[in-house]
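Coordinate-derived values only; no laboratory data. Note that the coordinates shown come from a computational prediction; the quantities given were computed from them, not determined experimentally. Heads up, the Cβs are rebuilt from the backbone with ideal geometry, glycines too, and the neighbour counts pull from every protein chain shown.
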Amino acid sequence: MHLNLLLFYCFASIIILSSYIVISLKNSVFSVLFLVLVFLNTSAVIIILEVEFLAILFLIVYVGAIAVLFLFVVMILNIKFSEFYYSMSQYILMGSILGFIFLTQIFLVFDTGILADFTKNVYNVSSEWNIELYSKSNIETLGLCLYTKYIYMFCIAAMILLIAIIGAITLTIHQRGYVKRQDVSTQVIRNFKDTVYYIDKLSSS
């Protein structure tokens, strides 16, 4: 067996096992740590596929930011040893629907004929992405895909993220009326003669 294929199966097995541990553990801190392990092995798989730029980007964004944020929030909320008891039967229907949708997408990806017809008819894009991947560098291929073929979906995703940021800022702002605030414009336009007074204590006494 080829070394790259062996490493791919090894990292993929660790990803599947770690993903199951993430959703099965009741300790939130350990779940986040196994989630970091999933991200690391996913980056290794991307490196095996010779897409180094996406692998480094995956490490910086997910491991360096999102996973650390998850761990920070979990420890701040003091739910380190919280036990969550719930019945799995109430999630069977929703899990089955999501699993069916996920498996359908996987089959569409592997079935090149369906994927080609779907992409050409719906999105009007080329499905020969592997040819473009090996003919150009990783960054150039990513830029061409994002800013040419998928520009509308990229703009929609950017607008959704912008709305989410604005909504989060709006929800966290608390206007308190009893707090004294500094009004710079009022301070600047004040007249010096009206604000400074000289009091002679000797004459007043």
* Asked: Once phi is turned into θ = phi - 60°, what whole-Hz ³J(HN,Hα) does the Karplus curve with 6.51, -1.76 and 1.60 give for every residue of region 24-30, x standing for Gly and Pro?
  -> 9, 6, 9, 8, 5, 5, 5
* Asked: Once both labels are modelled 7 Å past Cα along the beta-carbon direction, what's the residue 29-residue 181 spacing in nm?
  -> 4.0
* Asked: Roughly what would the spin-label model give for residue 153 and residue 92, points 7 Å off Cα along C-beta, in nm?
  -> 3.4
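Using the count of nearby Cβ atoms within 10 Å as a rough guide to exposure, how do 155, 145 rank from fewest to most?
Working: 155 11, 145 16.
So the residues, fewest neighbours to most, are 155, 145.
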* Once fully extended, how much extra length lies between residue 103 and residue 188, figured as 0.36 nm per residue of separation less the alpha-carbon to alpha-carbon distance? -> 24.1 nm
* What whole number of Å gives the distance from the Cα centroid of region 20-52 to the Cα centroid of region 140-174? -> 25
